[in-house]
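Remarks on the structure that follows.
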Amino acid sequence: MSKIMIIGDIHGRVKNPISRTDDISDVLCDKFRQLKAIAVKEGVTAVISTGDLLDKARVTNEALLLMSSLISAMAVPFHVIVGNHDMIGNTMEGYELSSLNLLARITENLLVLDRPTLVGSAMLHPRHYGDNDYMLDMPKDANCNSNIIICHAMISNSATMFDTILAADIETNADMVICGHNHNKVYYAHDKKIVYNPGALLRLTAATEDRQRQVEIGILNTAKELVLKRIELKISDTFVRTEESATAVKLSDDIVAALNATFEHIKSTSEIMADVLSQSNYSDDVVEKLKEYISA
């Protein structure tokens, strides 16, 4: 039996994003501890990650060594494609100089997919960032039960502000499309077509949508027909402690008064522009443009 764990964008890093007050490396380690426990319990034989394994194309040695140890501890083949954060200049031309390439060289079980690869009874077809071809021009391999495309593209359940591809609109002759790039979950199943994105492993922004989403991974049984089991991860203890401590913090009356006094002296944009106009000599056309901006 072949079971594949599906993990969304990981964005491995050790430096905290400004939106978090806990230690992001502690959270990352906690997530991987959960992944390892689930892998053992479910009998996982391989892992697929959807790109953006690292947060930047070039990361620190500390981040490289942390990610290498976490992936090695999974103790099964760890397959990944190249996301936009893994690229130098958003092209594959600079991949040889990227931290992801170095990470793959020092991590024995990390495999960056560069060709169709048979994993158990499923054939994985990589589509790195920028390659949005969801049609396969090859017949099913005699040794596989299914063809699965792994891509890094902004696929969504519904239209967003980005140039999204609607999951329902994807034309493919593959049995399943596993996608990353979008940090939110995507699941679409209709007429023998499955599109799935478990969402990013870490919450990296202060956006309400990102903070409220429940992180999940998928377990794909490829023995005969594809069977997907979706599993939600627990919120990291460090995140819970931070949330609890944050609610207990109250500003003193002196600090509130000082802040209010500061805010009273902050001018609006229009007031600042008016001051500039009154104190400087500008040509008539510049003055008119500034007045138009103030009155807008």
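Answer yes or no as to whether Ser19 is assigned by TED's automatic domain parsing to the domain that holds Leu111 and not in a loop (DSSP other than H, G, I, E, B). No; evaluated as a whole, the condition is false for this residue. The conditions of being over 13 Å from Val215 (Cβ atoms), in the same structural domain as Leu70 (by TED's automatic domain parsing), β-branched (Val, Ile, Thr) and assigned to a helix (DSSP H, G or I) are met by Val40. Which one is surrounded by the most Cβ atoms within 10 Å (Cβ to Cβ), of the residues in segment 155-168 that are within 19 Å of Gly8 (Cα to Cα) and among the small types (Gly, Ala, Ser)? Applying the filter and picking the extreme gives Ala167.
Residue count for segment 184-212 under the criterion of being free of Cβ contacts under 8 Å to residues at least 24 places away in the same chain and of a type in the set (Lys, Arg): the result is 3. Taking segment 101-189 and the strands (runs of 3 or more DSSP E) fully enclosed by it, the elements with 1 or more residues that are in contact with a Gly (Cβ under 7 Å, 6 or more places away or on another chain) and of a type outside the set (A, V, I, L, M, F, W, C) are at 146-153, 176-181.
Under 16 Å from Leu204 (Cα atoms) and of a type in the set (Ser, Thr, Tyr) - does that describe any residue in segment 68-78? Steps first, answer last, please.
In the first step, residues of segment 68-78 are kept if they are under 16 Å from Leu204 (Cα atoms); the result is none.
Checking segment 68-78: not a single residue is under 16 Å from Leu204 (Cα atoms) and of a type in the set (Ser, Thr, Tyr).
Scanning segment 1-16 for residues that are part of a loop (DSSP other than H, G, I, E, B) and under 10 Å from the mean Cα position of the chain (by Cα) yields a total of 4. If you go through segment 94-120 and keep only what is more than 15 Å from Arg58 (Cβ to Cβ) and of a type in the set (D, E, K, R), you end up with Glu108, Asp114, Arg115.
Does Ser25 satisfy the condition of being more than 23 Å from Thr117 (Cα to Cα), at pLDDT 95 or above and among the hydroxyl-bearing types (Ser, Thr, Tyr)?
Working: more than 23 Å from Thr117 (Cα to Cα): yes; at pLDDT 95 or above: no; among the hydroxyl-bearing types (Ser, Thr, Tyr): yes.
Considered against the rule, which asks whether it is more than 23 Å from Thr117 (Cα to Cα), at pLDDT 95 or above and among the hydroxyl-bearing types (Ser, Thr, Tyr), Ser25 comes out as no.
Please determine, by comparing only the residues of segment 169-178 that are touching a Lys or Arg at 6+ places or on another chain (Cβ under 9 Å) and either of a type in the set (A, V, I, L, M, F, W, C) or crowded, with 20+ Cβ neighbours inside 10 Å (or both), which one is nearest to Ile81 (Cα to Cα). Step by step, filter segment 169-178, then rank; the result is Val177.
The values are calculated or read from the model by the stated rules, or taken from the named source; none is laboratory data. Just so we're clear, the structure is a prediction, and the values are computed from it rather than from any experiment. Please note: Cβ atoms are built from the backbone with ideal geometry, for glycine as well, and neighbour counts cover all protein chains shown.
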